2 protein chains.
Amino acid sequence: MAERKRQLVSNELTEAALQLLATKGFDAVTIDEIATAAGVSKRTFFRYFASKEDVVVQFLAGMGADIRAELASRPAGERPSVALRYAVGVPLTTCSDHGDRALRVVRLILRTPALHARFLEHQARWRDDLAAELADRLDLDPGTDFYPRLAAGMALNAFDAVLHRWSGGDRPEDPTGLTDRAFAVIAPALDAT
Amino acid sequence: MAERKRQLVSNELTEAALQLLATKGFDAVTIDEIATAAGVSKRTFFRYFASKEDVVVQFLAGMGADIRAELASRPAGERPSVALRYAVGVPLTTCSDHGDRALRVVRLILRTPALHARFLEHQARWRDDLAAELADRLDLDPGTDFYPRLAAGMALNAFDAVLHRWSGGDRPEDPTGLTDRAFAVIAPALDAT
DNA sequence: ACGCTCGTGTCACTCGGTGTCAAGGCGCTA
DNA sequence: TAGCGCCTTGACACCGAGTGACACGAGCGT
């Protein structure tokens, strides 16, 4: 019941933030504006989000675990290129499901340096997660073998490229085909003996 | 002659900054401290560097062009895995040449979130540069073909992994061998038909 | 009605970063 | 040598992000 209210305020904040940021640009909007638009004080904003960037990017936090979980749930014998393709497909289909809401957010992130930087930080964490899972899956030592980290990096590279293409075009094409094409490029390295 | 002085002040600033940041940590040092340690005012600091991060990371600015130039200078028929290996080798040998000075800087960057984020931003620009050069070299259309961007990404991924391993170990092993091993992993995708 | 806790607003403060302006060094020319 | 611009610097004021401290009020159990 108190949790409900927390969630409600949080949504109010993100809603107000996304609306303001998308129209006026990241730097032109102050936290005070966002907070008052959501009907709370600046101090309360920072009780919900650690920074101005977080209000946009925070939803990425859980996705690292999602990707890793998907990879962990793939059948043991599956080729890495396929397993990783599906792992990375999770956030991608989440995006394309949310319609142009997600599109606007992605565009905002990719074209705002401060947000893009945060995004890249998240991705670096995802990569480490994925690499650990991959090392586990293939029984490799991540301390000596470059494969896990590089494979995870390649997969996220493909993810990035797809996201870029998807958000960059005039109108979004379906990410599924894009993802398949991107993974076709990296698969030879992913599946090398 | 005025240029000399500019360079001198700049060096003084970076020197003071690196010394303070390495010992006290990034967040525990204020710009005022750095500036007064270098004998100038805070305002002057910002006439030389755009931000607190820049004083550490600014030397990365030119390296994107260096990498691209090296790639451009590789023989036309050379396999991408080899050409990219040498392109990425440029900053790596620069690092290992500068002894543990560079080591300390790299460690500081990789373990400080704010600096790491800036580093990743630079790398994203490098990737776009490399991708453009690669598309040019192989006569591909970067608007439709995923290969240039992904290949550039893979090469920088290898760069990253090597840097991480190099700075992470107790004492640095030679980056050359590391780089070869990393490129051996990604080469199958780089050189696929 | 009494306390308790928890979320919130207010205030004061630090620090990164920027605009403005006045003061001083330096080369140029008369 | 005196005077005139140019450019660098420092001083100051200012804004916005982020944090700590504290007091207020709502909800709740007794």
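Odds and ends about this structure:
- Counting residues in the stretch B:54-63 that are under 19 Å from B:LEU103 (Cβ atoms), within 14 Å of chain A (Cβ to nearest Cβ) and within 12 Å of DNA strand C (Cβ to nearest atom) gives one or more.
- Restricting attention to the stretch B:182-193, the residues that are buried (at least 21 other Cβ atoms within 10 Å of the Cβ) and under 13 Å from A:ASP145 (Cβ atoms) add up to 2.
- Taken over the stretch A:53-80, the criterion of being over 17 Å from the mean Cα position of the chain (by Cα) and either free of Cβ contacts under 8 Å to residues at least 24 places away in the same chain or in a helix (DSSP H, G or I) (or both) is satisfied by A:ALA72, A:SER73, A:ARG74, A:PRO75, A:GLY77, A:GLU78, A:PRO80.
- Inspection of the stretch B:47-67 finds a residue satisfying the criterion of being buried (at least 20 other Cβ atoms within 10 Å of the Cβ), away from DNA strand D (no atom under 16 Å from the Cβ), under 19 Å from B:THR179 (Cβ atoms) and not acidic (Asp, Glu).
- Meets criteria (surrounded by fewer than 18 Cβ atoms within 10 Å (Cβ to Cβ) and either under 23 Å from B:ASP128 (Cα atoms) or over 11 Å from the mean Cα position of the chain (by Cα) (or both)) for A:ASP160: no
- Any hit, the stretch A:22-42, residues being part of a helix (DSSP H, G or I), within 14 Å of another protein chain (Cβ to nearest Cβ) and either crowded, with 18+ Cβ neighbours inside 10 Å or within 15 Å of DNA strand C (Cβ to nearest atom) (or both): no
- From the list A:ASP141, A:ASP128, the one residue that fits, being closer than 27 Å to B:PHE183 by Cβ, surrounded by fewer than 19 Cβ atoms within 10 Å (Cβ to Cβ), more than 18 Å from the chain's Cα centre (by Cα) and within 13 Å of another protein chain (Cβ to nearest Cβ), is A:ASP141.
- Test: residue in the stretch B:81-98 that is assigned to a helix (DSSP H, G or I), more than 23 Å from B:TYR147 (Cβ to Cβ), within 17 Å of the chain's Cα centre (by Cα) and free of Cβ contacts under 8 Å to residues at least 12 places away in the same chain: yes
- Checked against (1) more than 8 Å from chain B (Cβ to nearest Cβ); (2) over 19 Å from A:THR94 (Cα atoms), A:SER167 passes all but a single condition, namely (2).
- One residue from B:ALA184, B:ALA155, B:ALA192 being within 9 Å of chain A (Cβ to nearest Cβ) and assigned to a helix (DSSP H, G or I): B:ALA184
- B:ALA114 being among the small types (Gly, Ala, Ser), within 14 Å of chain A (Cβ to nearest Cβ) and within 16 Å of DNA strand D (Cβ to nearest atom): yes
- The number of residues in the stretch B:170-181 being within 10 Å of chain A (Cβ to nearest Cβ) and surrounded by fewer than 21 Cβ atoms within 10 Å (Cβ to Cβ) comes to 1.
- Qualifying residue in the stretch B:89-108 (condition: among the small types (Gly, Ala, Ser) and modelled with pLDDT of 95 or more): yes
The values are calculated or read from the model by the stated rules, or taken from the named source; none is laboratory data. Model, not experiment: these values are computed from the prediction. Here the Cβ is made from the backbone with ideal geometry for all residues, glycine too, and neighbour counts use every protein chain on show.
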